[in-house]
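Read through the structure below, which is laid out as structure tokens, and then see the notes.
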Amino acid sequence: MTSQGIESQASVKQWAAGAGFDHDPAEVREDKLRILADFCTKVGKQPDELVAFCILRKKATGERFLSVKRREAINGWLDDFTGEQGWTGKQAVVNANVVRSFLIHNGVLIQGRVWRG
Amino acid sequence: MEFKQVVGNRRTIRFFDPNRPVEPEKIQVMLEAANRASRAVNADFAKAIVCYRDELTDEVREALKTPTTTVQIDLAPVTIFWYGDTTFVNGAQDRLKELVDLGALPVTHGWTHPYVDDLVYPQVLEPLSKDALATTWAVSVEAGLAIAQAMLAGVDEGLGVGLHAFNAAGAKDVLKVPDHWVPMWILLVGYPAEDPKGGGQRPRRPLSNSYYRGQYGTPWTEIPEVTERLKREGMIQDPMPADASERMQEIKQLADRFGLPL
């Protein structure tokens, strides 16, 4: 998956619009897209699928809800991902939170690590 | 700080200075404020476990986190886990009779030992204690009173505070709380990393939206002079401005500092 390849996904467009990074310098925007693309490659899901993964429906009512377990799974994958990328310190926190920003702007409340350095 | 200023200054703080320790003395003030709260049958409804973030093992800290609380728990140096004790009826007779003997429950209002033994306990408290819904209602209201006093005491001590839901199942295991404690809220405590006034008071509807005189449908009529006095005395403060650009800039700076998503 490439950063260019994911831009057409509705969830990525929503992220770009919500976070306002359409106005960021090209290299900053490219960095964010690349991090998301690489993460999506790692977990074998397209961005739209990643959002859908977090949202389940109650069997009884069909009502949509955000799965805690699925979000915990994503946080676990993010920990693995940052380790595999060799990121440490604040960079590890910031880059994992790029992926969380993508999810947040698609309606998925997910929190992760904080840099307290 | 004056009481009205404390009420007016309180905000739900979401960005704490993670590295500025909270003095245990100030936490004790908060707990004592809770301990002084009004309570039915003079029972200790509110229970709390004070956790200093940096005293917890990594394993415990991780167990307390959920995808919706991680940032707050990581930023706040102190988390107070509040519970309500469903066994509040135990000892109620003795406590009530003690209040009768002390004159807090006066005979002028009908209070006597026989009234406690023959009516209040068997006809009110015991049935209440066997009704799960009623027990939960009573415990929640009474614990809420204590939590509110602790929260305001924290503000009075210059701390930032914020109430949140928490992962009760995870907390129960690691905090080893007894089965008869029901989870209420977590109260996060620390020094604010954000503007303690949070950009202004949160939007509130006028009194007439919620408060009535005599009967439902007759809204309480505000007395403008009182409203003006409360503004001077700090209970009513400037609301968050509709133009949130300054607050958004502050959030961006905090996000940069803590590496948070934007």
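Quick look at the values:
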quantity: Helix A:26-43 axis, angle to chain A major axis (alpha carbon atoms, nearest 10°); calculated: 50
quantity: Virtual paramagnetic centre 7 Å along Cα→Cβ of residue B:102, amide N under 18 Å, in region B:19-37; calculated: B:32-37
quantity: Pairwise centroid distance, computed over Cα atoms, of region A:18-46 with region B:53-129, Å; calculated: 50
quantity: Cα long-axis angle, helix A:68-85 against chain A (0 to 90 degrees, to the nearest 10); calculated: 20
quantity: Fewest-first ranking of A:29, A:100, using other Cβ atoms within 10 Å as the exposure measure; calculated: A:29, A:100
quantity: Projected label distance in nm at residue B:216 and residue B:119, using a 7 Å step from Cα toward the beta-carbon; calculated: 2.9
quantity: Chain B: relative contact order in percent, alpha carbon pairs under 8 Å with at least 6 residues between; calculated: 31
quantity: Quarter of Cα convex hull surface for chain B, i.e. mean projection, nm²; calculated: 17.9
quantity: Residues A:3, B:208, sorted so that the one with the fewest Cβ neighbours within 10 Å comes first; calculated: B:208, A:3
quantity: Exposure proxy order (Cβ contacts within 10 Å, fewest to most) of B:87, A:88; calculated: A:88, B:87
quantity: Ellipticity estimate at 222 nm from DSSP helix runs (n ≥ 4, -39,500 (n - 2.57)) divided over chain A, nearest 500; calculated: -20000 deg cm²/dmol
quantity: Among B:6, B:28, B:184 the positive-end extreme of the charge dipole of the protein assembly as shown (Cβ point charges); calculated: B:184
quantity: Shape parameters for region B:57-109, alpha-carbon atoms, Rg then Dmax in Å; calculated: 20.8, 57
quantity: Cross-link pairs B:26/B:97; B:47/B:172; B:130/B:176; A:42/B:65; A:13/A:45 - those with Cα-Cα distance over 22 Å; calculated: B:26/B:97; B:130/B:176; A:42/B:65
quantity: Efficiency of FRET between residue B:87 and residue B:57 - r from beta-carbon atoms, R0 25 angstrom, step 0.05; calculated: 0.25
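Throughout, read-outs are computed from the coordinates displayed, never taken from laboratory work. Quantities reported herein were computed from a predicted structural model and do not represent experimental measurements. Note that we place each Cβ from the backbone using ideal geometry, even for glycine, and neighbour counts take in every protein chain shown.
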